[in-house]
Amino acid sequence: MGKSLAEAFPESAAVFDEVSTVVGRDLRQVCWEMDADTLRQTQNAQIALFTASLAAYRALQSRVGAKPLVGAGHSVGEFAALAASGVLSLADAARLVQRRGDLMARAGNLAPGTMAAVLGADDDAVERVCQECSTDDEPVVPANYNSPGQIVISGAVAAVERACERIKEEGAKRCVILNVSGAFHSPLMAAAAESFGEAVGSLPLNSGDFPVVSNVTGEPVETPEEWRSLVVRQLSSPVRWTKCVHSMSKAGARVFLELGAGSVLCGLIKRTLDDAVAVPFEKPEDLEAVRSALTAEVGA
């Protein structure tokens, strides 16, 4: 995660240095040396994804002469988008991400749960099945509206299993239990959200260089102060990524750059918007594809 960027671009290396200093952890060790199972633990994965995303953004800033029109991030990626825009300083965002990961890991231990990807079912059907399979003690809810026909559900293990069986009976193509350490974006994260609100507290929030779309509402946020509650609500609310993508398109976005690790979001965007150009930037050799996509859009 981010190793080739940090080796090629001093701006990326500086992000690893700054985040390491702020959170008191060696992010090079976290991102480059941890085994996959340890890195997947949310207290490690979140700060790693945040750092890799900002490292990629900083590398692009001085090499691509185009200011973002609008931004968004999926779950923890929202904090990278807020730091890139300047709504949060990199240091404040890093501290929040580290605290968020710790709190969500603790919540996962105290109230064990899981998540499952539902493929080939419409939103209404998944929402109805989740309501039918939930109890007060064993909730299950839609957690990620990723793209048309792909929703992740989250909650107590037994409730998620019930919902998977029911939704498959109703015609879903697949329902796959995910290898996660907690029921993220569900009511089981309520305690983590409450404690996270204390961490957000009175942190300074700024007017960003470009608008960022909220996971909670799927809409661009008008004033910085709104983020104080939105980033807290996000822990136990669904990520409305499909709506986020449509909002970015409505704002005029045609080229979407996925910064950091992987290209999963590029795939989701292409399944959501027929005419979208989505390009990942996670290694130096991706820079030419980014430039070509942006040049083609300007030329069009």
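The values are calculated or read from the model by the stated rules, or taken from the named source; none is laboratory data. Values in this document were obtained by computation on a predicted structure and should not be read as measured data. Quick reminder, even Gly has a Cβ in these numbers, built from the backbone with ideal geometry, and neighbours come from all protein chains shown.
Checking Val176 against (1) in contact (Cβ under 8 Å) with a residue 24 or more places away in the chain; (2) assigned by TED's automatic domain parsing to the domain that holds Val118; (3) assigned to a helix (DSSP H, G or I), which test does it fail?
Condition (3) is where Val176 drops out.
What number of residues within region 275-297 are more than 18 Å from Tyr57 (Cβ to Cβ), touching a residue at least 24 places away in the same chain (Cβ under 8 Å) and of a type in the set (Asp, Glu)?
Qualifying residue count, region 275-297: 1.
Check Ala163, Ala107 and return the single one that is in contact (Cβ under 8 Å) with a residue 24 or more places away in the chain, among the hydrophobic types (A, V, I, L, M, F, W, C) and closer than 30 Å to Val15 by Cα.
Selected residue: Ala107, the only one of Ala163, Ala107 that is in contact (Cβ under 8 Å) with a residue 24 or more places away in the chain, among the hydrophobic types (A, V, I, L, M, F, W, C) and closer than 30 Å to Val15 by Cα.
Scan (1) at pLDDT 95 or above; (2) touching a Pro at 6+ places or on another chain (Cβ under 9 Å); (3) within 30 Å of Pro204 (Cβ to Cβ) for the single condition Thr242 breaks and write down its number.
(3) is the only condition that Thr242 fails.
Scan region 251-262 for residues that are buried (at least 16 other Cβ atoms within 10 Å of the Cβ) and not aliphatic (A, V, I, L, M) and jot them down.
Hits for region 251-262 are Arg254, Phe256, Glu258, Gly260.
Restricting attention to region 78-89, report how many residues are surrounded by fewer than 23 Cβ atoms within 10 Å (Cβ to Cβ) and either in contact with a strand residue (DSSP E or B) (Cβ under 9 Å, 6 or more places away or on another chain) or closer than 18 Å to Ala52 by Cβ (or both).
Final tally of qualifying residues: 1.
Do we find that Ser229 is of a type outside the set (Lys, Arg), under 18 Å from the mean Cα position of the chain (by Cα), farther than 21 Å from Gly108 by Cα and surrounded by fewer than 16 Cβ atoms within 10 Å (Cβ to Cβ) in this structure?
Yes: the conditions hold for Ser229.
Within region 168-175, is there a residue that is in contact with a Phe, Trp or Tyr (Cβ under 8 Å, 6 or more places away or on another chain), under 20 Å from Leu265 (Cα atoms) and either surrounded by 14 or more Cβ atoms within 10 Å (Cβ to Cβ) or polar (S, T, N, Q) (or both)?
So far as region 168-175 goes, no, none of its residues is in contact with a Phe, Trp or Tyr (Cβ under 8 Å, 6 or more places away or on another chain), under 20 Å from Leu265 (Cα atoms) and either surrounded by 14 or more Cβ atoms within 10 Å (Cβ to Cβ) or polar (S, T, N, Q) (or both).
So which of Ala125, Ala107, Ala94, Ala59 ends up being part of a helix (DSSP H, G or I), more than 18 Å from the chain's Cα centre (by Cα), at pLDDT 95 or above and within 19 Å of Ala192 (Cβ to Cβ)?
Criteria check complete, one pass: Ala107.
Looking at Gly155, Gly101, Gly113, which is the one that is over 16 Å from Leu268 (Cβ atoms), buried (at least 22 other Cβ atoms within 10 Å of the Cβ) and in contact with a Pro (Cβ under 6 Å, 6 or more places away or on another chain)?
Every option except Gly155 fails the conditions.
Please determine, by comparing only the residues of region 263-295 that are hydroxyl-bearing (Ser, Thr, Tyr) and under 30 Å from Glu127 (Cβ atoms), which one is surrounded by the fewest Cβ atoms within 10 Å (Cβ to Cβ).
Ser263
For region 37-53, which positions are over 13 Å from the mean Cα position of the chain (by Cα) and surrounded by 14 or more Cβ atoms within 10 Å (Cβ to Cβ)?
Within region 37-53, Leu39, Arg40, Gln41, Gln43, Asn44 qualify.
Which of the residues belonging to region 31-89 are on the phi > 0 side of the Ramachandran plot and either without any contact (Cβ under 8 Å) to a residue 24 or more places away in the chain or of a type in the set (S, T, N, Q) (or both)?
Hit for region 31-89 is Ser75, nothing else.
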